[in-house]
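Following: one structure in structure tokens, then a few remarks.
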Amino acid sequence: MDLVIITNTVKGDAPLMYPNVCVPFAPTSVIIGATILHAIFAQAVAMMAEQRGKAANLAKRKYSGRKRT
């Protein structure tokens, strides 16, 4: 399934300027997109927890083959 998140921001949407920096930075599309994406994740976790009848234990998932340094 593909999902498109439309943020309705304009092209070249970086609003911040700083002296001696020749290009605007910190695009609002990234900020808005990340906020929407995390809201979708939060809703998905809430829905999974409701279906299971208890909170999903996602934090303790073990990743095989990965070594922590």
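The values are calculated or read from the model by the stated rules, or taken from the named source; none is laboratory data. Note that the structure is predicted; figures quoted are calculated from it, not measured. Ideal geometry is used to build each Cβ from the backbone, glycine not excepted, and the neighbour counts take in all protein chains shown.
All conditions in (1) more than 22 Å from residue 4 (Cα to Cα); (2) of a type in the set (Ser, Thr, Tyr); (3) at pLDDT 85 or above hold for residue 29, with the sole exception of (1). Filter region 19-44 for residues that are part of a loop (DSSP other than H, G, I, E, B) and among the aliphatic types (A, V, I, L, M) and give the result. Correct list: 21, 23, 26.
One line per residue, one yes/no per condition, for (1) at pLDDT below 75; (2) surrounded by 10 or more Cβ atoms within 10 Å (Cβ to Cβ):
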| residue | (1), (2) |
| --- | --- |
| 11 | no, no |
| 45 | no, yes |
| 54 | yes, no |
| 65 | yes, no |
